[in-house]
Amino acid sequence: MKKVLLATEKPFAAPAVTGIRKVFSDAGYELSVLEKYTGQEPLIQAVKVVNAMIIRSDVIDRNVIEQAPNLKIVVRAGAGYDNIDLNACTEKGVVAMNTPGQNSNAVAELLFGMMLYTARKQFNGDSGTELREKSIGIHGFGWVGRYVAAIAKGFGMKIHAYDPYVDATVFEKEGVTGHKDLQSLYESCQFITLHIPLTDTTKESVNYSLLSKMPKGATLINTARKEVISESSLLQMFEERNDFTYLADVQPDCAQKIAILYPGRYLFTPKKMGAQTEEANNNAGIAAAKQIVNFFEKGDVSCKVN
Ligand code: 3PG
């Protein structure tokens, strides 16, 4: 009997766990659940006997992989897999997958909530501004970026995008102004929203030379990864531009400093909330479970990332 571990430090909503359980019981697999754990030790203990794992932002480093001699597949129920040591997986013959698109709408909806809350002065009674007719620049036009474009259309925003991996015809089809370089995207948009993965190339790539190009009322929204931003550039922007606002679902390391020095110009969720909806949990969790069953029963490696 195959043994599967659902390891989620930040748990899924209960219906998602029920759905995942059903997929595995129908397949005749055994599921164990490790939620809200602290430190690596409980995870190390739990992986010792398993053949497969479903995780979220849980860190699967070389140490975890090496403590799991029977592990064949790890599925990140979500988009970003920078929390998995892919080299260690490959060396140990472990397949790593993600579940593209399954939690993307949740992330897109969250950033509009953050934008509205901030544009309306955090509901403090002062006059705010509207999103209509404002320009939004989507940096990274993958799944989340496309959901953002669809919602922005409803708000009547002017939509711009940059993605070197996306063909210009896609931007046209989506009714979005495509940019060939990042400078021109940042110059054109009051709101910039980041939807790029964390890689060696993107690390600290959102820097002062880009941010300083943003027009008046510049608002940067980061629901991707904190590391894609240069924090020294972020602080420089706060210092030099009193019209600059930063909204993040992934608190920067300098969050405390920003909170003290620049009140009212930032919004940080206390815990990463982008994908934390019942729907996203269901979609990503159940997709991950099905991918594991299809991998073992049919050899399907469709969403493999290593
Ligand atoms: C993702 O990469 O899918 C998102 O950042 C969501 O992460 P989470 O599952 O930890 O909420």
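The values are calculated or read from the model by the stated rules, or taken from the named source; none is laboratory data. In this text, all values refer to a predicted model and were calculated from it rather than measured experimentally. Because the Cβ atoms are built from the backbone with ideal geometry, glycine has one as well, and the counts that use them run over all protein chains shown. SASA here: full protein model, heavy atoms, side chains in, ligands and nucleic acids out. Shrake-Rupley method; radii C 1.70, N 1.55, O 1.52, S 1.80 Å.
A few remarks follow.
- Think of each Lys and Arg Cβ as +1 and each Asp and Glu Cβ as -1; about the Cα centre, that makes the dipole of the chain roughly 480 debye.
- Using θ = phi - 60° in the Karplus curve 6.51 cos²θ - 1.76 cosθ + 1.60, the 3J(HN,Hα) couplings for segment 294-299 round to 5, 5, 6, 8, 10, x Hz; x is entered for Gly and Pro.
- Neighbourhood net charge (15 Å Cβ-Cβ; Lys/Arg +1, Asp/Glu -1) for residue 22: 0
- Total formal charge among the other residues, if their Cβ is under 14 angstrom from that of residue 289, Lys/Arg +1 and Asp/Glu -1: +3
- Extension gain, residue 271 back to residue 305 (0.36 nm per residue minus Cα-Cα distance, nm): 9.6 nm
- Taking θ as phi - 60° and the Karplus parameters 6.51, -1.76 and 1.60, the scalar couplings of segment 70-83 work out to 9, 5, 10, 8, 10, 10, 7, 6, x, 9, x, 10, 5, 8 Hz in sequence order, x denoting glycine and proline.
- Amide H contacts for residue 267 (H built 1.01 Å from N in the peptide plane; partners 5 or more residues away or on another chain; cut-off under 5 Å): 246, 247, 248.
- At R0 = 25 Å, FRET efficiency that the Cβ-Cβ distance of residue 86 and residue 10 yields, to 0.05: 0.70
- Taking label positions 7 Å along the Cα-Cβ direction at both residue 241 and residue 203, the computed distance is 2.6 nm, reported to one decimal.
- The chain, accessible surface, carbon-and-sulfur percent (1.4 angstrom probe): 50
- Working note: Karplus 6.51/-1.76/1.60 with θ = phi - 60° gives segment 167-177 the couplings 6, 4, 5, 5, 4, 4, 4, 8, x, 10, 7 Hz, where Gly and Pro are set to x.
- Probe 1.4 Å, accessible area per residue of the chain, Å²: 46
- Residues whose placed amide H lies under 5 Å from that of residue 304, excluding near-sequence neighbours: none
- Dipole orientation for the chain: of the candidates 168, 138, 24, 24 has the Cα lying most toward the positive pole (charges on Cβ; Lys, Arg +1; Asp, Glu -1).
- Segment 119-179-segment 264-306 distance, computed between alpha-carbon centres (Å): 24
- Label-reachable residues, segment 205-230, where backbone N falls under 19 Å from a point 7 Å from residue 126's Cα toward its Cβ: 216-220
- Using a Förster distance of 51 Å, the FRET efficiency for residue 232-residue 22 (Cβ separation, nearest 0.05): 0.55
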